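The values are calculated or read from the model by the stated rules, or taken from the named source; none is laboratory data. Since the structure is predicted, the reported quantities are computational estimates derived from the model, not experimental observations. Every residue, glycine among them, receives a Cβ derived from its backbone with ideal geometry; neighbour counts consider all protein chains shown.
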Amino acid sequence: DAGITQSPRHKVTETGTPVTLRCHQTENHRYMYWYRQDPGHGLRLIHYSYGVKDTDKGEVSDGYSVSRSKTEDFLLTLESATSSQTSVYFCAISETDLAKNIQYFGAGTRLSVL
Amino acid sequence: AQKVTQAQTEISVVEKEDVTLDCVYETRDTTYYLFWYKQPPSGELVFLIRRNSFDEQNEISGRYSWNFQKSTSSFNFTITASQVVDSAVYFCALSGSARQLTFGSGTQLTVLP
């Protein structure tokens, strides 16, 4: 199994509060991704990173920010959580070599915004 | 823009039956990759297979097989002699020149004993 740890695994928070989810990898992969999973939508990309301090937006980036100060850590922040951000969040990693571009996923974080 | 369609929302079969999960994709990229992932009830996402757009050979891995047809933009997944442990949500996904994955909405497979 790829060495990906997401924390926390579960979180309940209130509308309007800031929330930070952490993804930590031990594989030294360059690429990291944050997805959210909602019924009927599969997984949708929020943000991704292609190196330290290099990030870009995905399909559903509104209301989210990310940071990557170290290769191994990719943080997802909800500045002011809303009920529409209740979801399961997955982190993924992949290698630089496009021929090896397989994304491996963490166990997920279940977030409830009340 | 890329799109992946999994028209079968839910499939239910009896153990030992064969089952095929459909996946149709759209992309303008000439080089792209197709994937299948499995999400068992425990919730993790398990990588099953990746195919690139230049390799249309079908692939078999044990009870699993995949049929890639560029002419119909399809990448279907067949489980032979299904087992209860195959019960899961299966996702088809696509990546092109940009590495991001575009997922289908998933097919919930239930295998009944």
message: Taking the condition of being polar (S, T, N, Q), under 17 Å from B:N76 (Cβ atoms) and assigned to a strand (DSSP E or B), how many residues in the stretch B:1-24 meet it?
response: 2
task: Run B:E15 past the list (1) over 12 Å from the mean Cα position of the chain (by Cα); (2) within 25 Å of A:D38 (Cα to Cα) and report the number of the one that doesn't hold.
output: (2)
message: over 12 Å from the mean Cα position of the chain (by Cα), over 24 Å from B:C92 (Cβ atoms) and in contact (Cβ under 8 Å) with a residue 12 or more places away in the chain: which single residue out of A:V12, A:V66 fits that description?
response: A:V12
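Per-residue answers, yes or no, for (1) of a type outside the set (D, E, K, R); (2) within 20 Å of A:G40 (Cα to Cα):
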{"residue": "B:E26", "(1), (2)": "no, yes"}
{"residue": "B:T30", "(1), (2)": "yes, no"}
{"residue": "B:S42", "(1), (2)": "yes, yes"}
{"residue": "B:V46", "(1), (2)": "yes, yes"}
{"residue": "B:G62", "(1), (2)": "yes, no"}
{"residue": "B:V85", "(1), (2)": "yes, no"}
{"residue": "B:T107", "(1), (2)": "yes, yes"}
field: Given (1) surrounded by 14 or more Cβ atoms within 10 Å (Cβ to Cβ); (2) part of a loop (DSSP other than H, G, I, E, B); (3) not hydroxyl-bearing (S, T, Y), number of the condition A:G16 does not satisfy
entry: (1)
task: Considering (1) within 11 Å of chain A (Cβ to nearest Cβ); (2) in contact with a helix residue (DSSP H, G or I) (Cβ under 8 Å, 6 or more places away or on another chain); (3) touching a residue at least 60 places away in the same chain (Cβ under 8 Å), say which one B:R99 fails and leave the rest.
output: (3)
query: Out of the stretch B:74-101, which residues are among the hydroxyl-bearing types (S, T, Y), modelled with pLDDT of 95 or more and crowded, with 16+ Cβ neighbours inside 10 Å?
result: B:S74, B:T78, B:S82, B:S87, B:Y90
message: What pairs come out if I take residues in the stretch B:1-23 that are basic (K, R) and pair them with residues that are loosely packed, with under 13 Cβ neighbours inside 10 Å whose C-beta lies under 7 Å away, six or more apart or interchain?
response: B:K3/B:E26; B:K16/B:A81
task: Would you mind telling me which numbered condition in (1) of a type in the set (G, A, S); (2) away from every other protein chain (no Cβ under 12 Å); (3) within 17 Å of A:G40 (Cα to Cα) B:A93 fails?
output: (2)
